[in-house]
Amino acid sequence: MGKRPPVVLLSSSSDEDDGGDRRAASRGPSARRARTPAAAPALAHAPSGSRKKPRGGSSAGRGRRRATGPAPSGYLKTEFDMLSEDFSECLNDLGMPGSIRQTKELWVDKYKPLSLADLAVHKKKVEDVKKWLEEKLKAPKGTFGGWTLVLTGQAGVGKSVTVKAIAAELRVEICEWTTPVPTLWTEHVHANSGLRYVSKLEEFENFIEKIRKYSLLSPSSIGSQRNLTIILIDDIPVTSGKVSFARLGKCLTDLVQSTQLPTVISLTQYHKSESNDTAMWNSEELESLLQGAGAHKIAFNPVTINSIKKNLVRICKQEGSDLTEELVHQIATSSGGDIRHAIMSLQYYCLDPRRINSSLATTAILPGLKGHDEVPGQDSDGRSSVIASPCGRDETLTLFHALGKFLHNKREPYGDVVVEVDSFPVKEKLRRNPLKMDVPEKILSQAHGKVRTVADFLYENVLDFIDDDAIDDAWTVVSYLSEADCLLAGSPIASARWMVNESYESESMTQLIAASVAARGVLFGNAHVSSSRWHTIRSPGVWQIDQSFRFRKDQILRERYDCSCTSGSRNFCDIVTEFKPFERWIGPLNDMPRSNSLHHKVEGGSSLIDRFGAEGSSSEEDEDAIEDW
Amino acid sequence: MLWVDKYRPKTLDKVTVHDQVAQNLRKLVAEQDCPHLLFYGPSGSGKKTLIMALIKQMFGAGAEKVKMENKTWKIDTGTRTLELELVMLSSAHHVEMNPSDAGFQDRYVVQEVIKEMAKNRPIDAKGKRAFKVLVLNEVDKLSREAQHSLRRTMEKYSASCRLILCCNSSSKVTEAVRSRCLNVRVNAPSEDQIVQVLEFIGKKENLLLPVGFAARIATQSNRNLRRAILFFETCKVQQYPFTSNQVAPPLDWEQYVCEIAADIMKEQSPKRLYAVRQKFYELLVNCIPPQSILKKLLAELLKKLDSDLKHEICHWAAHYEHKMRLGSKAIFHLEAFVAKFMSIYKEFLVSTFG
């Protein structure tokens with residue numbers, strides 16, 4: 001497979017025709033290669049075969065997970081069987097093993113919005129982008145800076161489509177960066193094909209270089225009638241490591257500062273919690289970097305459920321399939337604001353009318369089950385996330401969202417509680433109303449937070465949420481947190497044994513238990529929630545304290561031996577508790593003005609705290625507001 | 001030089017406070033058969049002084065020529081190599097170190113140091129193979145594993161080196177180590193003894209002590225000789241000649257804990273709890289050990305408490321002191337104790353006063 005040079009693809013606004021043969025061209029073996037996360041918007045063009053695979057995995061996993069749930073397993077077993085049966089059928093229908101029989105387009109492409117009216121994106125955002133583009137297109141050439149627009153938002157909220165639709169409406173050309181077929185380094189080594197290895201980053205740099213030259217040339221050579229062009233950069237190469245990130249950053253900054261054509265860069269945002277992968281950390285950094293270079297930013301919100309629903313219904317009508325209202329609603333809610341995903345789910349459902357019935361049947365069974373499930377609070381829209389359609393997106397929560405759930409501690413009002421007959425009797429004092437949320441463990445697993453972090457955050461903030469009279473509650477909560485801390489620390493033996501492989505499993509088990517104890521402790525203990533107010537979540541003070549504690553300790557230890565060579569060493573705690581305080585009066589500080597000792601201390605301490613405050617402001621991005629929802 | 005160091009008895013003959021112990025130690029050295037020793041007792045009672053004097057008695061003046069070195073130990077654990085930096089004081093005859101400074105890696109230090117010392121045994125003047133002394137401070141702070149490895153190495157190399165262990169509480173040293181040592185308990189000096197020492201220093205320094213002055217310092221020091229001498233010197237620096245009712249300023253961190261205790265007694269609410277937490281933070285930043293904070297805080301609280309509650313409060317303090325050792329973030333447990341105290345105390349107030 002030849003190595004494509006970076007292409008400046010000039011495509012007319014009739015992008016669809018072109019899309020067809022590009023798809024055909026890319027249906028080579030290379031299309032099955034792993035995609036970079038940043039290529040997500042290009043996903044729509046992928047042949048269906050390679051796309052279905054990962055979804056299969058996640059959907060089967062979902063079924064399995066549900067089967068291990070607390071409900072009677074018999075039903076779930078059959079349900080799971082049904083699901084997997086469905087699933088294999090679907091795979092067959094989609095012609096899994098490489099058969100290219102369907103000439104049908106993916107609905108995502110087929111119903112791509114052609115006009116602004118079709119866009120599911122909020123009107124105002126579209127208007128903003130349009131206004132910006134119009135302004136820039138009219139603006140005189142020759143000025144530098146201010147020519148770049150950064151669009152941010154989750155995957156599938158319609159960033160690129162918006163730009164394309166607007167371009168179509170304004171009749172301007174889009175000059176797009178098309179990701180060349182990547183040569184993987186390992187392949188290159190093995191195939192020994194004589195091709196030069198070019199990293200994606202390099203290719204991207206070349207491309208940017210070309211645009212810059214092109215845009216400089218354009219006013220003079222091509223003339224004024226053809227200058228209605230915008231550049232769309234949709235696929236920023238993934239970088240790992242500081243060096244390559246710096247290269248990318250420089251390259252982009254150059255672009256932003258020197259381009260003279262309206263340039264739109266679309267950045268896909270990832271959930272913070274998902275981005276443990278270092279490669280993805282960039283998206284935020286990149287964003288701020290671009291803004292620093294003078295780019296204008298417009299953030300896209302997830303598409304609203306109603307708007308997704310409207311679009312789904314429209315597609316249904318055009319396809320002539322009659323899905324029930326309920327199912328459409330379900331697809332819409334489980335997509336999490338990702339309209340591309342919603343449409344794909346819809347197509348999946350419409351493949352075979354039988355399936356609709358069967359999956360409806362499963363949802364019909366489940367409410368019956370959930371009737372005596374111990375998990376409460378799924379009556380309204382809570383349910384759709386729990387009983388998601390087989391191909392719903394896995395929901396993720398941000399850490400702060402999860403913390404907010406725990407801290408606010410929403411519960412059902414008392415009247416609604418049906419006293420369960422078979423549950424063992426609990427004292428009145430220990431009884432709590434059912435939670436208005438998922439099981440705490442589930443929330444924790446969705447939030448992907450490290451246990452230590454969660455515990456620290458809970459500890460730092462929980463006191464704000466406890467009613468002012470309820471000191472007993474405060475004790476309960478803090479005591480649970482203290483238990484969790486013990487579990488986390490384990491015995492010193494456990495911490496020293498971390499290199500032994502077999503202990504990994506038990507370690508992570510204690511971690512899970514500790515997380516559970518911390519979260520449930522906070523939920524249980526906080527029996528009298530203070531009236532809901534707006535709170536800011538502070539980042540844990542313990543972290544700063546730990547840091548400066550270690551610093552101080554090192555300092556003291558280093559100083560220790562200077563004075564005491566003759567008389568043997570002193571113990572650390574003796575120094576701190578006895579020698580240090582006295583040093584203020586005798587010893588080196590002899591000449592200092594002798595004011596009251598405690599004043600010294602408090603002043604010193606408060607200036608220390610002040611310094612924390614200053615440091616804390618730098619880490620303020622950690623802080624996040626939690627609103628009462 | 002601080003008076004604490006200046007008037008430290010250098011030889012066993014000059015030891016005044018624990019003269020009985022000193023005599024026994026002298027006999028021990030005279031018989032040329034020195035077992036492993038474990039000194040334990042409250043801080044400021046003179047353990048270290050006794051140890052230094054004992055070493056001098058064993059090896060003569062040569063033991064006083066100590067040099068400090070910051071040694072890096074390379075330790076091969078099989079899977080990787082650790083590098084630990086540890087400060088130690090050593091002379092030709094002895095090595096002194098605080099292995100607990102190495103944190104949870106302390107056990108490697110203990111093993112490595114003893115092994116190395118055993119390898120190059122010194123030869124004394126008569127050509128006889130002698131032993132070297134290793135002084136380990138704060139043994140009670142060693143992790144359980146380090147103590148276990150200490151036990152093994154103690155037996156293996158007992159021919160070539162003698163250990164002198166020093167700690168505050170023998171209950172935190174494993175049984176196995178304790179039984180391999182001759183245990184020497186060093187009591188806290190009585191107030192009379194402290195007064196004698198202070199008067200001795202006063203005479204040497206040509207100071208005039210008002211009547212009752214030394215006694216007052218002795219009471220304030222809470223039977224901690226080191227603290228008493230430090231108080232004494234502070235008084236001297238602050239005001240001399242002494243006035244009859246002069247008191248040394250209290251230790252600043254203890255004063256701070258007193259304030260915290262007062263805060264707790266005044267109001268019991270989550271808000272106050274949060275305020276208290278900030279004060280704890282400040283203490284912890286200044287490296288005050290959380291155990292000392294808890295101990296002092298308990299003492300302060302007990303002073304003002306109804307006797308009915310004392311038992312329960314002590315129980316919880318012990319409970320959280322234990323948790324503190326198990327856990328890693330002391331502040332969690334300190335605060336849990338305070339919260340429990342507030343909860344109990346509030347209930348008590350409500351039931352008594354309505």
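None of A:Gly146, A:Gly156 is crowded, with 19+ Cβ neighbours inside 10 Å and modelled with pLDDT under 80 except A:Gly156. Within the range B:1-12, the set of residues being open to solvent by 30 Å² or more (accessible area, probe 1.4 Å) and either within 13 Å of chain A (Cβ to nearest Cβ) or free of Cβ contacts under 8 Å to residues at least 12 places away in the same chain (or both) comprises B:Met1, B:Leu2, B:Lys6, B:Tyr7, B:Arg8, B:Pro9, B:Lys10. Checking A:Leu487, A:Leu444 one by one, the residue that is under 23 Å from B:Leu326 (Cα atoms), in a helix (DSSP H, G or I) and either aliphatic (A, V, I, L, M) or at the interface with chain B (Cβ under 7 Å from one of its Cβ atoms) (or both) is A:Leu487 and no other. Does the range A:411-434 include one or more residues that are over 30 Å from A:Arg314 (Cα atoms), among the acidic types (Asp, Glu) and at pLDDT 70 or above? There is at least one residue in the range A:411-434 that is over 30 Å from A:Arg314 (Cα atoms), among the acidic types (Asp, Glu) and at pLDDT 70 or above. Within the range A:299-334, being touching a Phe, Trp or Tyr at 6+ places or on another chain (Cβ under 7 Å) and open to solvent by 70 Å² or more (accessible area, probe 1.4 Å) holds for no residue. Against the list (1) in contact with a helix residue (DSSP H, G or I) (Cβ under 6 Å, 6 or more places away or on another chain); (2) surrounded by fewer than 23 Cβ atoms within 10 Å (Cβ to Cβ); (3) in a helix (DSSP H, G or I), the condition B:Glu347 fails is (1). Of the residues contained in the range B:133-142, one or more are found to be at pLDDT 75 or above, at the interface with chain A (Cβ under 10 Å from one of its Cβ atoms) and open to solvent by 40 Å² or more (accessible area, probe 1.4 Å). Go through B:Val257, B:Val247 for me and flag whichever is β-branched (Val, Ile, Thr) and either on the phi > 0 side of the Ramachandran plot or assigned to a helix (DSSP H, G or I) (or both). Among B:Val257, B:Val247, only B:Val257 is β-branched (Val, Ile, Thr) and either on the phi > 0 side of the Ramachandran plot or assigned to a helix (DSSP H, G or I) (or both). Here A:Val462 qualifies as in contact (Cβ under 8 Å) with a residue 40 or more places away in the chain, open to solvent by less than 40 Å² (accessible area, probe 1.4 Å) and more than 19 Å from the chain's Cα centre (by Cα). Within the range A:259-298, the residues that satisfy the criterion of being open to solvent by 20 Å² or more (accessible area, probe 1.4 Å), among the small types (Gly, Ala, Ser) and at pLDDT 75 or above are A:Ser288, A:Gly292, A:Gly294.
Could you tell me which residue of the range B:267-293 is nearest to the other protein chains (Cβ to nearest Cβ), considering only residues that are more than 24 Å from A:Asn461 (Cβ to Cβ) and assigned to a helix (DSSP H, G or I)?
B:Ser292
Taking (1) of a type outside the set (Phe, Trp, Tyr); (2) within 13 Å of chain A (Cβ to nearest Cβ); (3) surrounded by fewer than 21 Cβ atoms within 10 Å (Cβ to Cβ); (4) touching a Lys or Arg at 6+ places or on another chain (Cβ under 6 Å) in turn, B:Ser43 satisfies each apart from (4). The numbered conditions (1) surrounded by 15 or more Cβ atoms within 10 Å (Cβ to Cβ); (2) assigned to a helix (DSSP H, G or I) are all true for B:Leu209 except (2).
Within the range B:48-56, can one find any residue that is more than 29 Å from B:Arg223 (Cβ to Cβ), more than 11 Å from chain A (Cβ to nearest Cβ) and in contact (Cβ under 8 Å) with a residue 12 or more places away in the chain?
no
Residues checked against (1) open to solvent by less than 20 Å² (accessible area, probe 1.4 Å); (2) within 9 Å of chain B (Cβ to nearest Cβ); (3) at pLDDT 60 or above; (4) more than 28 Å from B:Tyr256 (Cβ to Cβ):
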| position | (1), (2), (3), (4) |
| --- | --- |
| A:Glu505 | no, no, no, yes |
| A:Val522 | yes, no, yes, yes |
| A:Ser530 | yes, yes, yes, yes |
| A:Val542 | yes, yes, yes, no |
| A:Thr566 | no, yes, no, yes |
| A:Thr577 | yes, yes, yes, no |
| A:Ile586 | yes, yes, yes, no |
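Just to be sure, is B:Arg121 part of a loop (DSSP other than H, G, I, E, B), assigned by TED's automatic domain parsing to the domain that holds B:Ser160 and at pLDDT below 75? Yes, satisfied. Evaluating B:Lys203 against the criteria (1) without any contact (Cβ under 8 Å) to a residue 60 or more places away in the chain; (2) within 14 Å of chain A (Cβ to nearest Cβ); (3) among the charged types (D, E, K, R) leaves one unmet condition, (2).
Residue by residue, here is whether (1) modelled with pLDDT under 90; (2) not assigned by TED's automatic domain parsing to the domain that holds B:Cys34 holds:
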residue	(1), (2)
B:Arg144	yes, no
B:Arg152	yes, no
B:Leu165	no, no
B:Thr174	yes, no
B:Leu209	yes, yes
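Cβ-Cβ distances below 7 Å connect the following pairs, each with a first residue in the range A:428-440 that is open to solvent by 40 Å² or more (accessible area, probe 1.4 Å), a second residue that is of a type in the set (Phe, Trp, Tyr), and a separation of six or more residues or different chains: A:Arg432/A:Phe524. Please verify whether the range B:231-241 includes one or more residues that are over 30 Å from A:Asp472 (Cα atoms), touching a Lys or Arg at 6+ places or on another chain (Cβ under 6 Å) and buried (at least 16 other Cβ atoms within 10 Å of the Cβ). For the range B:231-241, residues over 30 Å from A:Asp472 (Cα atoms), touching a Lys or Arg at 6+ places or on another chain (Cβ under 6 Å) and buried (at least 16 other Cβ atoms within 10 Å of the Cβ): absent.
The values are calculated or read from the model by the stated rules, or taken from the named source; none is laboratory data. Predicted, not measured: the structure shown is a model, and the values here were computed from it. Here the Cβ is made from the backbone with ideal geometry for all residues, glycine too, and neighbour counts use every protein chain on show. Heavy atoms of the whole protein, side chains included, go into the accessibility calculation; ligands, DNA and RNA do not. Shrake-Rupley method; radii C 1.70, N 1.55, O 1.52, S 1.80 Å.
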